Amino acid sequence: FLTRVTKQRKWKKEEKKKKNKKEIVKKLEFQCESDEKQQECIDILNQRIFKSKTINHQHLLVIVNPFSGQKKGVETFQSFCKPIFDLAPHITYHYIVSKNPEHPVELGRKINLEQYDGAVIVGGDGTISLFVQGLRKNKNPLAIKLPIGHIPCGSGNGLASSLGAFTPSEGALVITRGFTEKLDVISMFQDGKHNMVFLMSAWAVIADVDIGSEEFRQWGSLRFAIGALYYIMKKASYNATLKIITSSSFTSHSLNDKSKKYTSTLDSAYNYKDCYTEDDAKLSYPYINRFFKKELDVIAESTNDNEEDVTMTTPHIQESSIEVEQERSYQFPEDVKIETITMKFFLFLMSNTAMLASDFFGSPNQECASGTFDVLYAKSMSRTKLLGALNKMENGSILKEPAITKISTKAFYFEPEKEESFLSVDGESLPIHPFLMEVHPQYMNVYSWNKRGPKLPSVIPLESDL
């Protein structure tokens, strides 16, 4: 026991040192014997850093949310990101500070793809979600394929952490290096509305902690610890019905060949606008069409009384010949089926990425382009076991908790019995009404570390490993 406690304390101390490590941007200058040697040196450095001798110029739209997290977005960008971008000869950018919550939506809706090669969000996961909703409304259907980079400045920063950027300067370096990977996106239907989800949705204790701690937002990630203590003592569980698609072939691992997982946007032969057609931006819903037509009809007819303008296009009545043909030719796994679970949920979580915050794992094995997402749930448990389960989410060992059930899936329908708890979707609060989700594999592009994969924190050694 003493050995286990000692090792855990040592791990936490090392992680604390990493977080408190001061980051300094330095500029180094070299002198070469001749112009030929100078060009040779530049070519070698470009090849080693960017995997290409010839570098594409990148003009980026930088959106800073001054209200995210501890409200230090502008200061963070000026101190940690601007120096890195200014040192990169291939990077130029247009800088905008968002004025209100709807501003990122408007920027996504109006962005001109002829002017920009990528977008950078300086804020939290909620700011990215707003920008993505705007991209969906853009006149150019290929806007959703615009590469997006995340400079972590929110309370959670799950997307940046899953892509290997735990600090603002790391986020700037990721974007400067120019490598992107695919990201699965999930369609969510609720109250007659259609939203795009890229990170997570949670209900019961995790949503209670996430949304219930909003009043402590200025404390950064500390707000989650305060919220966790409160809701663990409350120990609330809620009745709901989950209808989920299952198959033995569904996996959390990437669909991509590792050698083809990343794309360099700086390669002179690459232009993301040339890689896609309008058909690639269209959405199809094979699992909703086959398993959840009745549920979708009910959701399509329902509205939230608090919303004045509610519109939604039900996917199964879209008559595009390409979409219909895709769904007719879709190959379902032989053992695919729908499971119905009705019970009191103490924890319910949908995770589309490995991490939901810089120190909080959703589903440790989940990759960004697996073509599936993970659903984790648990029945009521003692306060001690709940504390242990949430602690294991911090170090990535949550799936070893016996009370937690994990299912990899492509679609599900969730219906809370009453309007209890909170519903957290990509860090934002939504009504506690029935909703439906289906994944769209590899639908978006995000800046990521190349080949190294996410720099995930070390995992605390479990008692069974000692």
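Condition check: open to solvent by 10 Å² or more (accessible area, probe 1.4 Å) and out of contact with any Leu (no Cβ under 8 Å at 6 or more places or on another chain). Does Pro101 satisfy that?
No: the conditions fail for Pro101.
Is it the case that Ser213 is crowded, with 20+ Cβ neighbours inside 10 Å, among the polar types (S, T, N, Q) and at pLDDT below 90?
Spelling it out, Ser213 is indeed crowded, with 20+ Cβ neighbours inside 10 Å, among the polar types (S, T, N, Q) and at pLDDT below 90.
Just give me the residues in the range 150-164 being modelled with pLDDT of 90 or more and over 11 Å from the mean Cα position of the chain (by Cα), in sequence order.
Passing the criteria: Ile151, Pro152, Cys153.
For the range 366-378, indicate whether the set of residues that are in contact (Cβ under 8 Å) with a residue 60 or more places away in the chain and open to solvent by 50 Å² or more (accessible area, probe 1.4 Å) is non-empty.
No - not one qualifying residue is present in the range 366-378.
Just to confirm my filter: which strands (runs of 3 or more DSSP E) fall fully inside the range 348-466 and include at least 1 residues that are closer than 23 Å to Trp203 by Cβ, aromatic (Phe, Trp, Tyr) and at pLDDT below 80?
none
Among (1) modelled with pLDDT under 65; (2) more than 18 Å from the chain's Cα centre (by Cα); (3) open to solvent by 50 Å² or more (accessible area, probe 1.4 Å), there is one condition Gly220 misses while meeting the rest; what is its number?
Looking at each condition in turn, Gly220 falls short on (3).
Tell me the helices (runs of 4 or more DSSP H) entirely within the range 1-76 that contain at least 1 residues that are surrounded by 11 or more Cβ atoms within 10 Å (Cβ to Cβ) and modelled with pLDDT of 70 or more.
Of the helices (runs of 4 or more DSSP H) lying wholly inside the range 1-76, those with at least 1 residues that are surrounded by 11 or more Cβ atoms within 10 Å (Cβ to Cβ) and modelled with pLDDT of 70 or more span 35-50, 73-76.
Restricted to the range 237-272, and to residues that are hydrophobic (A, V, I, L, M, F, W, C) and open to solvent by less than 20 Å² (accessible area, probe 1.4 Å), which residue is modelled with the lowest pLDDT?
Leu266
When you go through (1) part of a helix (DSSP H, G or I); (2) touching a helix residue (DSSP H, G or I) at 6+ places or on another chain (Cβ under 8 Å); (3) open to solvent by 10 Å² or more (accessible area, probe 1.4 Å) one by one for His150, which number turns out not to apply?
With (1) part of a helix (DSSP H, G or I); (2) touching a helix residue (DSSP H, G or I) at 6+ places or on another chain (Cβ under 8 Å); (3) open to solvent by 10 Å² or more (accessible area, probe 1.4 Å) applied to His150, the lone miss is (1).
Filter the range 54-93 down to residues that are touching a residue at least 60 places away in the same chain (Cβ under 8 Å) and of a type in the set (D, E, K, R), then give me how many there are.
Count: 2.
If we scan the range 296-309, do we find a residue that is under 27 Å from Gly164 (Cβ atoms), at pLDDT 85 or above and in a helix (DSSP H, G or I)?
no
Among the residues of the range 131-147, which ones are open to solvent by 10 Å² or more (accessible area, probe 1.4 Å) and either out of contact with any strand residue (DSSP E or B) (no Cβ under 8 Å at 6 or more places or on another chain) or of a type in the set (Gly, Ala, Ser) (or both)?
The answer is Lys137, Asn138, Lys139, Asn140, Pro141, Leu142.
Starting from residues that are part of a helix (DSSP H, G or I) and more than 22 Å from Ser429 (Cβ to Cβ), keep the ones in the range 108-130 and report whichever is most open to solvent (accessible area, probe 1.4 Å).
The residue in question is Lys110.
Restricting attention to the range 322-347, report how many residues are more than 24 Å from Met196 (Cβ to Cβ) and either modelled with pLDDT under 85 or part of a strand (DSSP E or B) (or both).
12
Could you check the range 177-194 and list, in sequence order, the residues that are aromatic (Phe, Trp, Tyr) and either at pLDDT below 90 or in contact with a Lys or Arg (Cβ under 6 Å, 6 or more places away or on another chain) (or both)?
Phe179
Conditions tested, residue by residue: (1) of a type outside the set (Phe, Trp, Tyr); (2) without any contact (Cβ under 8 Å) to a residue 60 or more places away in the chain.
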{"residue": "Tyr95", "(1), (2)": "no, yes"}
{"residue": "Ser98", "(1), (2)": "yes, yes"}
{"residue": "Gln115", "(1), (2)": "yes, yes"}
{"residue": "Ala119", "(1), (2)": "yes, yes"}
{"residue": "Gly156", "(1), (2)": "yes, no"}
{"residue": "Ser169", "(1), (2)": "yes, no"}
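The values are calculated or read from the model by the stated rules, or taken from the named source; none is laboratory data. As the structure is a computational prediction, the values presented were derived from the model and not from experiment. As a convention, Cβ positions derive from the backbone with ideal geometry for all residues, glycine included, and neighbour counts pool all protein chains shown. With ligands, DNA and RNA removed, areas are computed over all heavy atoms of the protein, side chains included. Shrake-Rupley method; radii C 1.70, N 1.55, O 1.52, S 1.80 Å.
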